[in-house]
1. What is the set of long-range amide H partners of Cys33 at a cut-off below 5 Å, with H atoms built 1.01 Å from backbone N?
2. From the backbone phi of the range 50-60, what are the Karplus-calculated ³J(HN,Hα) couplings (6.51 cos²θ - 1.76 cosθ + 1.60, θ = phi - 60°) in whole Hz, Gly and Pro given as x?
3. Taking 7 Å along the Cα-to-C-beta vector as the label spot, tell me the Lys112-Gln98 distance in nanometres, rounded to one decimal.
4. Straight distance only, please: which lysines reach the Cα of Lys92 with their own Cα at less than 17 Å, same-chain residues fewer than 8 apart left out?
5. Using θ = phi - 60° and the Karplus relation 6.51 cos²θ - 1.76 cosθ + 1.60, list the HN-Hα couplings for the range 102-112 in order, rounded to whole Hz, with x at every Gly or Pro.
6. So what J values fall out for the range 121-132 if you push phi through Karplus, 6.51 cos²θ - 1.76 cosθ + 1.60 with θ = phi - 60°, rounded to Hz, Gly and Pro as x?
Amino acid sequence: MAIHENGKENIYLRERAGFIKYALQYGYKVHPCYTFGECDTYFNVRGARKLRERLADYGLPAIFITGPLRWVPLLALVPFGSGVGLHTIHGKGRQFPQVDQPSKEQVDEYHKWYCGAICDLFERNKGRFGITESLDVIE
């Protein structure tokens, strides 16, 4: 939420890969997915992005989201109707091996695959939803 900007496709792919570690420990199949149209659902106040990210690191949501009816209490949380809608696209899954105690290198390797798969999924499908710019990856 801290990096949300209306009309701009952002994705947060920092090296926190706890879900990858669990997927390796239990041998899960992991599917990359991306939801198109989500950046057009709400408006977040722009600016101070680094401050918002820093506050989010401490568990403090520094966001002020509003929908199209921002002057009406509670209805401000109704999302914008972008006309495109929300579309979640799933990529080809990858079966992870079961590793009781995965090493940092193994977690990093599979997390790198996951990040690349999401970016590739976005690039392959963005034209279907009228997106011309590339995905802004925040690491």
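Every number in this text was worked out from the coordinates using simple rules, so none of it is lab data. Quantities reported herein were computed from a predicted structural model and do not represent experimental measurements. Note that we place each Cβ from the backbone using ideal geometry, even for glycine, and neighbour counts take in every protein chain shown.
1. For Cys33, whose amide H was placed from the backbone, the distant partners under 5 Å are Gly91.
2. Once rounded to whole Hz, the list reads 4, 5, 4, 5, 5, 5, 5, 4, 9, x, 9.
3. With each label placed 7 Å out from Cα toward Cβ, I get 2.7 nm.
4. Lys92 reaches Lys29, Lys112, Lys126.
5. So the Karplus estimates, Gly and Pro as x, are x, 6, 4, 5, 5, 4, 4, 4, 6, 5, 4 Hz.
6. 4, 4, 4, 5, 10, 4, x, 4, 10, x, 9, 10
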